[in-house]
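Enquirer: Following this message is one structure expressed as structure tokens.
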Amino acid sequence: MFMSRDARFEEQAQALGYRFDGEIKIGGNYVPLVRDGHHIYLSGQIPRVGDTVVVTGAAGADASLADAQKAAKVCAMRALALLQRAVGSLDAVQSILRITVYVQSAPTFTQQSEVADGASEVLFAVLGDAGAHTRTSVGVLQLPKNATVEVDLIASVRA
């Protein structure tokens, strides 16, 4: 049975236990995305649901690997919610070209790529082959609002 990407998005939201249909708040003087032809550039998304950053602190100290992966999933879902609003349906996404995953990391934490797998899993689960992407994962000292993870991405969409 065929399931639209929008339905798979809702399925992922339910699995995470969060809703992504409310306001996607931004925290500064910038826009959440810019469209240039077929490309959409999304600003970094932290794991915020409503007013709450749901996973905070350094991975490997304050947050476990599983917590950090969950944070990456929430970030990816926020990015997909913004894409969905921009183009009307996730079925219009041709591909995810690139993601960057920033992980607030304890000094000895080296599993940034495993954290990034959380975001990648969501993109593949919702978009299928269109979710295939290049990726960089980086450990950082601090992120906005003490978020454990921040994810930005570039997508290609149908006109």
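Enquirer: Computed over the Cα atoms, what is the radius of gyration of region 50-159 divided by 2.2 N^0.38 Å, N being its residue count?
Expert: In units of the 2.2 N^0.38 Å rule of thumb, it is 1.05.
Enquirer: GluC sites (Glu not before Pro) within region 1-83: which are DSSP loop residues with at most 13 other Cβ atoms inside 10 Å?
Expert: Of the GluC sites (Glu not before Pro), the ones in loops of region 1-83 whose Cβ has at most 13 other Cβ atoms within 10 Å are Glu23.
Enquirer: Which value, in nm² and rounded to one decimal, describes the direction-averaged projected area of the C-alpha convex hull of region 1-108?
Expert: 8.2 nm²
Enquirer: For region 9-81, state which chymotrypsin sites (Phe, Trp or Tyr not before Pro) are in a DSSP loop and have at most 11 other beta carbons lying within 10 Å of their beta carbon.
Expert: Sparse-neighbourhood loop chymotrypsin sites (Phe, Trp or Tyr not before Pro): Tyr30.
Enquirer: Could you give the nm distance between label points at Asp6 and His38, where each point is 7 Å from its Cα heading toward the beta carbon?
Expert: Inter-label distance under the simple model: 2.3 nm.
Enquirer: Pull up all non-local amide H partners of Ala59: gap of 5 or more, or a different chain, and H-to-H distance under 5 Å with H placed in the peptide plane.
Expert: Gln104, Ser105, Ala106
Enquirer: Moving on to the next point. Which of Ser43, Ser89, Ser120 moves the most in a Gaussian network model of the chain with Cα springs under 10 Å?
Expert: Comparing Ser43, Ser89, Ser120 in a Gaussian network model of the chain, the most mobile one is Ser89.
Enquirer: What ranking, highest mean first, results for peptides 141-147, 33-39 when packing means the other Cβ atoms within 10 Å averaged over each residue?
Expert: 141-147, 33-39
Enquirer: Run the numbers on region 1-73 and let me know its relative contact order in percent, using alpha-carbon pairs under 8 Å that are six or more apart.
Expert: 20 percent
Enquirer: Given a cut-off of under 8 Å on Cα pairs at least six residues apart, what relative contact order in percent is computed for region 21-116?
Expert: Contact order relative to length: 28 percent.
Laboratory data are not the source of any read-out in this text; all were calculated from the coordinates shown. Treat the numbers as computed from the prediction; the structure is a model and nothing was measured. Using ideal geometry, Cβ is built from the backbone for each residue, glycine included, and neighbour counts are taken over all protein chains shown.
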